[in-house]
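Worksheet: the structure to be examined is printed underneath.
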Amino acid sequence: MTQRKTQSPWSPLRNTLFRNLWIASIVSNLGTWMHDVGAGWLMTSLSSSPSMVALVEAADSLPVMLLAMPAGALADIVDRRRLLIGVQIYFLFVISRWRC
């Protein structure tokens, strides 16, 4: 009879690459949350209108809501490697034109 080795929920973190990706994701999310709070706070100091604060929050989350479904469908249809390379090349051109 073989004994089954029980794995803890933390066992994926033993993989160095996964652990580094997980930590980077947490740090990135923390920075995003700090930016969101800072943008809302800045708008409350610039304007006392609640609708302006709501517009800042809507402008922050609207692109994600609008682009998440098409991006997911595109990622399912297209080869992910080619999609990522194409997007990185596009960003390279956009950023190089923006800085000049």
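Listing for the model above:
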read-out: Within the chain, helix-based [θ] at 222 nm, where runs of 4 or more DSSP H residues each add -39,500 (n - 2.57), nearest 500; value: -28000 deg cm²/dmol
read-out: Trypsin sites (Lys or Arg not before Pro) within segment 1-55, DSSP loop, no more than 14 other Cβ atoms inside 10 Å; value: ARG4, LYS5
read-out: Dipole in debye (nearest 20) - segment 15-99, about Cα centre, beta carbon charges: Lys, Arg +1; Asp, Glu -1; value: 440 debye
read-out: Net +/- balance of residues flanking ALA54 in space, Cβ distance below 15 Å, scoring K and R +1, D and E -1; value: -3
read-out: Listed residue (ILE26, THR44, ASN15) projecting farthest to the positive dipole end of the chain, Cβ model; value: ASN15
read-out: Candidates LEU74, LEU42, LEU55: whichever shows maximal mean-square fluctuation once the chain is modelled as a Gaussian network with Cα springs under 10 Å; value: LEU74
read-out: Most positive-pole-ward Cα, ILE89, LEU55, ALA73, against dipole of segment 15-99 from beta carbon charges; value: ILE89
read-out: Three-way shape label, the chain, alpha-carbon gyration tensor, a/c 1.5; value: oblate
read-out: Listed residues ASP36, ASP60, ASP76, most fluctuating in the chain (Gaussian network, C-alpha, under 10 Å); value: ASP76
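FYI, it's all coordinate maths here, none of it is from the lab. Owing to the predicted nature of the structure, the values given are computational and were not obtained by experimental measurement. Note that each Cβ is placed from the backbone with ideal geometry, even for glycine, and that neighbours are counted across all protein chains shown.
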